[in-house]
1. Among bridges DSSP assigns within the chain, what percent are antiparallel (round to 5)?
2. Stretch LEU144-ALA215 to full length: gain in nm at 0.36 nm per residue minus the Cα-Cα span?
3. Magnitude of the Cβ-charge dipole of region 32-329, K/R +1 and D/E -1, about the Cα centre, nearest 20 debye?
4. Note the angle between two axes, namely the Cα long axis of helix 89-98 and the longest principal axis of the Cα atoms of the chain, as a number of degrees from 0 to 90, rounded to the nearest 10.
5. Calculate, for THR232 and ALA318, the FRET efficiency according to 1/(1 + (r/R0)^6) with r their C-beta to C-beta distance and R0 41 Å; round to the nearest 0.05.
6. Subtracting the Cα-Cα distance from 0.36 nm times the residue separation, let me have the gained length for SER241 to THR292 in nm, one decimal.
7. Using only the alpha-carbon atoms, how far is helix 2-24 inclined from the longest principal axis of the chain? Give it as 0 to 90 degrees, nearest 10.
8. Within the chain, what is the number of lysine pairs with alpha carbons under 26 Å apart, leaving out pairs fewer than eight places apart on the same chain?
Amino acid sequence: MWRAFGRRWRAALALVIAASALLAGCGPQINVNPSYTPTHSPAFQHIFLIVMENHDYDDIIGSSQAPHINALARQYGLATNYWAVAHPSEPNYVALVGGSTFGIADDASYTVNAESAPYLGSQLEAAGLSWKSYQQGLPHPGFLGETATTDGALYASKHNPFMNFLAHYPETQRPEELTKIVPETQLATDLASGVVPNFSFITPGLCDDMHGDSACGDEDTLVSAGDAYVNTVVGEIMGSSVWSQGKNAIFITWDESSLDSGIPPFGLSTDGGHVATIVITNHGPRGVKDDTAYNHYALLLTIQSAFGLDCLRNSCPATGGVRPMSVLLGE
């Protein structure tokens with residue numbers, strides 16, 4: 001009898017300890033880099049992330065103004081329950097590479113919303129992997145201005161989150177990091193040469209990102225202009241020799257919704273609204289719709305897992321309640 005009681009007591013104690021561990025993971029955001037070893041996502045050679053602007057899921061999926069994007073969503077993978085994490089734009093971009101909004105709640109200068117913390121770029125570098133931020137309208141590599149117009153394309157640094165983590169240059173950053181911020185026209189050159197970074201962050205200018213600017217003309221053409229842009233860039237990537245080598249993926253997402261529609265999933269950061277996210281891989285799957293609850297932190301975790309990196313802050317499953325987008329990558 002006492003032996004049986006002892007077994008029951010030890011089992012109850014184990015349950016208490018396990019419950020305590022789970023509760024500990026439900027606390028506030030933490031700005032550390034806890035160890036997380038990915039065990040499910042495959043090793044990828046190249047990942048391309050295209051970030052569009054300010055449209056709700058229902059504005060894009062099923063829209064006659066976005067035929068190319070909808071064709072990609074049907075043919076490859078579509079996350080139907082994906083959420084941005086904040087309003088306005090800048091905190092979403094920072095979250096995508098930093099695992100947190102860091103309390104940013106506006107589109108102020110990157111020098112104001114600067115962060116000296118580990119982020120995806122520093123993680124990739126520490127792992128011996130390469131990255132570039134391809135920015136449409138950027139005048140030249142390492143441009144430090146906040147806006148620019150180049151060949152009709154309008155650049156805005158608020159859509160280039162790497163600058164938030166490089167704002168302390170030259171005091172704390174290496175000059176070569178700034179050279180990884182390049183004009184988007186460099187992407188076609190890199191694809192043609194076959195020398196493409198492991199991670200490519202691609203941002204269209206204000207007239208091609210679907211959000212627009214007073215200089216972009218008719219608002220009714222913004223979605224179709226963005227659709228044409230995505231079609232061109234995706235075509236360049238998939239038509240390159242790089243695409244057929246190893247495992248590669250393209251993610252297309254929107255920074256935030258112009259609405260707060262839908263019923264957000266419990267326990268996931270969803271303050272930026274419901275947005276579409278499309279996943280294209282060169283090896284499968286095809287025609288998949290995934291209704292798992294995801295957000296920008298889940299996308300960051302997916303990229304980190306694919307490259308064998310640790311999670312960061314809210315991209316950690318224990319702190320953000322997120323999971324990798326494994327189904328859409330063919331797991």
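1. Taking every DSSP beta bridge within the chain, about 40 percent pair in antiparallel fashion.
2. Between LEU144 and ALA215, full extension yields 23.3 nm more.
3. The dipole of region 32-329 has a size of about 1280 debye.
4. The two axes meet at around 60 degrees.
5. Here the calculated transfer efficiency is 0.55.
6. Here the answer is 15.1 nm.
7. Helix 2-24 sits roughly 20 degrees off the main axis of the chain.
8. The result is 6.
The numbers here are math on the coordinates, done by the rules we state, and not lab data. Bear in mind the structure is a predicted one, so any value in this text is a computation, not a measurement. We place every Cβ from the backbone using ideal geometry, glycine too, and count neighbours over all the protein chains shown.
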